[in-house]
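Take a look at the structure below.
The values are calculated or read from the model by the stated rules, or taken from the named source; none is laboratory data. What you are looking at is a predicted structure, and each value in this text was computed from that prediction instead of being measured. Here the Cβ positions follow ideal geometry from the backbone for every residue, glycine too, while neighbour counts run over all protein chains shown.
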């Protein structure tokens, strides 16, 4: 393909070769993004496939403003959120010690990316979604609240609770470095 614009134009015309090229070019990026929002690899694979279906159906609506990759990432994130919203109400608002410090100082423990991802995946849905949207993808609490149909204060509360749970899980790993994180 000569350019992204040409690739998009060919995908709009349902050119299977162009669609295949687009899929191959972005499948890993969107799969990794899905892993952040989904509970496991199978859910992430399903979400990635669903996102590509929507991308190919809606590619004609992309106006060329902003990053095309960013447009596809938003679709992928929204697909994952829609699945969890359809499953159950995700609004939970814990009031217990939410604002306590959740930083981990000692040598700023480094974890392999796949271990950190597994720790994040083990968070309850309401915390994982808020944490990922706010911390990893840069949405504001106001935007998170709107996306998840929760209040802004619930977004903040769930974010702080997620940080607390992550800190506990990471400290558990630090105290038992020979183990791998399996959620137990």
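So here's what we get for this one:
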item	result
Residue count, segment 1-31 (criterion: without any contact (Cβ under 8 Å) to a residue 12 or more places away in the chain and closer than 30 Å to residue 127 by Cβ)	1
Within segment 95-133, considering residues that are more than 18 Å from the chain's Cα centre (by Cα) and in a helix (DSSP H, G or I), the one modelled with the highest pLDDT	108
Number of positions in segment 66-86 that are in contact (Cβ under 8 Å) with a residue 12 or more places away in the chain and under 20 Å from residue 23 (Cβ atoms)	10
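Okay, residues lined up against (1) assigned to a helix (DSSP H, G or I); (2) surrounded by fewer than 12 Cβ atoms within 10 Å (Cβ to Cβ):
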| residue | (1), (2) |
| --- | --- |
| 17 | yes, yes |
| 26 | yes, no |
| 39 | no, no |
| 43 | yes, no |
| 66 | no, yes |
| 72 | yes, no |
| 84 | yes, no |
